[in-house]
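Everything below concerns the one structure shown next.
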Amino acid sequence: MVAVDFKLHMDNLTAGRRNRGKVTQTDISDFAPLGESALLSLLHSDIPVERSCAAIHLQKYKTAFVADVLCRQLAVEKKLYTKISLCKTLAMCAEVSIDPLMGLLGKIGNNHETTLPETGFYKISYPLARDIAARTICLIGNAAVLPLENFINTAKDMKALYQALDAYGHILYTNKINRSSLLLQNLHKKHLNNNFSGEQKN
């Protein structure tokens, strides 16, 4: 009886994960023959597993157009494992993904950091951004540094700016990149009444 209950539990667990877009190697192999057009169409399938497989195989087409379509799907995607597949492919698309990802900063979900913690981070490494677009930009790494600096210099949306700063700081710290502090000094002068914690000073 215990063995039957355990099997039922595992079956339910597997079904739940597949409903969230979890794929198997067999799934991935089944979709391998499809070309770019078919894969782009599958990104809009009602079946999460199909959307995940499409995202995975679109790694073969690292173009600005594909990156833009992937970002538009990421903006509306609800299933966890499909989101992960989309983010991994966008990270592999590297430079061509940066601009459309920066367009999503602060716009997906509500899990962005909006205030600084009262007692500090208490982490031995730079905290990873919670914003999914910023997190994906972090995966791209060094190639995103200059585009992020340009974005930070010109950003008018403060929520997007917070997330860009998160990604920028994480990439510099993680990859041990030395950059002039002039960007941040100028940003401070430009926003004297903002403490960049998500709250405006009076």
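The values are calculated or read from the model by the stated rules, or taken from the named source; none is laboratory data. All values reported here derive from a predicted model rather than from experimental measurement. Heads up, the Cβs are rebuilt from the backbone with ideal geometry, glycines too, and the neighbour counts pull from every protein chain shown.
Structure values in brief
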item	result
Pick from region 166-185, criterion closer than 10 Å to VAL145 by Cβ and exposed (fewer than 15 other Cβ atoms within 10 Å of the Cβ), ranking: nearest to the chain's Cα centre (by Cα)	ASN175
Number of positions in region 35-77 that are under 21 Å from LEU139 (Cβ atoms) and part of a loop (DSSP other than H, G, I, E, B)	5
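A quick yes/no check of all residues on (1) modelled with pLDDT of 95 or more; (2) out of contact with any helix residue (DSSP H, G or I) (no Cβ under 9 Å at 6 or more places or on another chain); (3) farther than 23 Å from ALA67 by Cα; (4) outside any loop (DSSP other than H, G, I, E, B):
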position	(1), (2), (3), (4)
THR119	no, yes, yes, no
LYS123	no, yes, yes, no
TYR126	no, no, yes, no
ALA129	no, no, no, no
ARG135	no, no, no, yes
ILE140	yes, no, no, yes
PRO147	yes, no, no, yes
